[in-house]
Amino acid sequence: MKTVILCGGQGTRIQEATGGQKPKPMVEIAGRPILWHIMKWYAHHGHKDFVLCLGHLGNSIKEYFLHYEALNSDITVQLGSQGNIRYHKAPTEADWTVTLADTGLEAMTGARLARVRRYLPNETFFLTYGDGLADVDLAKLLAFHRAHGKLATVTGVVPHGRFGRVEVENDRVVSFEEKPRGEGGGRISGGFFVFEPAVFDFVSTDASCILEREPMNKLVAAEQLMMYPHDEFWQCMDTYRDLVLLQNLWDTGRAPWRLPSES
């Protein structure tokens with residue numbers, strides 16, 4: 001089962017960390033890009049086939065994965081012999097498959113999804129953002145999605161007043177409002193979506209297509225969007241302050257997404 005990760009945004013609110021030289025998903029926590037932490041969580045749950053939707057400074061993400069084995073292994077290089085490199089220990093991520101797809105510098109989230117359709121088989125898939133960490137039980141999320149039989153599931157998390165608010169009745173989404181003002185009640189969209197292939201009927205390759213607007217509202221109108229409630233940890237890395245928070249959680253041993261192998 002494939003996992004699509006949106007990695008194309010410009011990250012204008014976290015330039016203190018990017019310096020304008022790297023995309024937000026490549027900002028590091030504990031010496032690893034936040035993108036790696038997200039992928040590690042999915043891989044831990046058995047989902048190791050990724051499609052990354054690249055945009056702003058996407059080549060830096062390509063370079064990271066192109067050189068991943070060399071950067072994470074001991075190697076022997078025979079100088080003067082092109083291509084003669086011996087890797088002494090494969091990284092634990094050696095069984096990951098990563099498709100790196102250029103989806104446009106200016107494309108919005110819905111367009112990015114639509115533009116990677118050719119890399120997805122005609123089956124259920126995950127989608128999430130390249131800047132949000134959580135300890136979502138992916139097996140339970142997937143079981144919830146399959147049980148309700150609708151086209152789409154969004155993970156609803158405790159609100160922080162800055163993100164798309166989700167209102168539900170009996171787990172069915174009845175309203176999806178992008179970034180409402182103020183605090184208010186209800187949950188917010190935390191990403192960690194599960195989609196059926198028919199979701200592609202709701203998105204467009206047009207660069208202006210924003211997944212969280214017309215496509216989501218059409219799914220709501222069709223009664224095809226459900227919410228999986230997640231009450232545990234979730235944190236978006238939207239600003240430098242968020243980055244400091246996530247790094248502090250890791251440094252103090254309180255990072256809920258940290259796996260036993262990373263202790």
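Every read-out reported here was derived from the displayed coordinates using simple, explicitly stated rules and does not represent laboratory data. Because the structure is predicted, anything quoted here is derived from the model rather than measured. No Cβ is skipped: glycine too gets one built from the backbone with ideal geometry, and neighbour counts run over all protein chains shown.
Sorted on the mean count of surrounding Cβ atoms within 10 Å across their residues, most packed first, peptides 240-249, 70-79 read 240-249, 70-79.
Quick one: go through region 187-211 and flag any residue whose amide nitrogen is under 19 Å from the point 7 Å out along the Cα-to-Cβ line of Asp231. Taking a point 7 Å out along Cα→Cβ of Asp231, the residues of region 187-211 whose backbone N falls under 19 Å are 187-190. Compactness of the chain, taken as the C-alpha radius of gyration over 2.2 N^0.38 Å, stands at 1.02. Working note: Karplus 6.51/-1.76/1.60 with θ = phi - 60° gives region 97-104 the couplings 10, 10, 9, 10, 10, 6, 10, x Hz, where Gly and Pro are set to x. Quick one: net charge of Ala70's neighbours, Cβ under 14 Å, K/R +1, D/E -1? Net charge in that neighbourhood comes out at -2.
Each peptide in 195-201, 1-7, 85-91 gets a packing score, the mean of other Cβ atoms within 10 Å over its residues, and the list from highest to lowest is 1-7, 195-201, 85-91. Full extension of the segment from Arg172 to Asp74, taken as 0.36 nm per residue of separation minus the current Cα-Cα distance, would add 30.2 nm.
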